[in-house]
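Shown next, in structure tokens, is the structure this report addresses.
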Amino acid sequence: MKMVAPWTRFYSNSCCLCCHVRTGTILLGVWYLIINAVVLLILLSALADPDQYHFSSSELGGDFEFMDDANMCIAIAISLLMILICAMATYGAYKQRAAWIIPFFCYQIFDFALNTLVAVTVLVYPNSIQEYIRQLPPNFPYREDIMSVNPTCLVLIILLFISIILTFKGYLISCVWNCYRYINGRNSSDVLVYVTSNDTTVLLPPYDDAAVNGAAKEPPPPYVSA
């Protein structure tokens, strides 16, 4: 009996909307690229005109600054890094280069771990939600309505919402991982071809190299009759 690894059971070449995992990874990379580009434009406009996005302490309900120059520069640097990672994933999926997808896959794992940590925090410390809501500005939309909800129901609603997000993020992670495996397997199959017969393994060159080398050889001399 042939042993199959447990994670290979979840391998599939198709993803949502019945498209290929390579197409899905390209669309996902473009979507993240657009979102981070919009965020970068907002941050740059806020850095150029701070008064437009200035919030007073009375509006925020505290004596702290909403976004200073240092935090703005850090956010811009993170946005630029995310644009680079998303562009690498899109280019890697389009040009079938598996190594270019790894940074985006690592970002997905990191984001999934952070959301899982948030879910664990809400589950272990349910009172932290009420404390966080109390720290919101008084003019925050639906603040009083959220405060009037039963704390247990509020925790269950938040956990359900986070669970849906984690499920969706896990599906996207599997899509990118399957795309990486597909491209990696396709590239490795194009490099070396093995033919096994009678316990003998013959190493064959790639088809393209064999075709080029065969065409480059000089033709045999013409046959001359005696």
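Coupling constants for the stretch 39-46 follow from the phi torsions by the Karplus curve (6.51 cos²θ - 1.76 cosθ + 1.60, θ = phi - 60°), and in residue order they are 4, 5, 5, 5, 5, 5, 5, 5 Hz; glycine and proline get x. Applied to the stretch 105-114, the Karplus parametrisation 6.51 cos²θ - 1.76 cosθ + 1.60 on θ = phi - 60° returns per-residue 3J(HN,Hα) values of 5, 5, 4, 4, 5, 5, 5, 5, 5, 5 Hz, with x for Gly and Pro.
Since every read-out is calculated from the coordinates, none of them should be taken as a lab result. Everything quoted here is computed from the prediction, not taken from an experiment.
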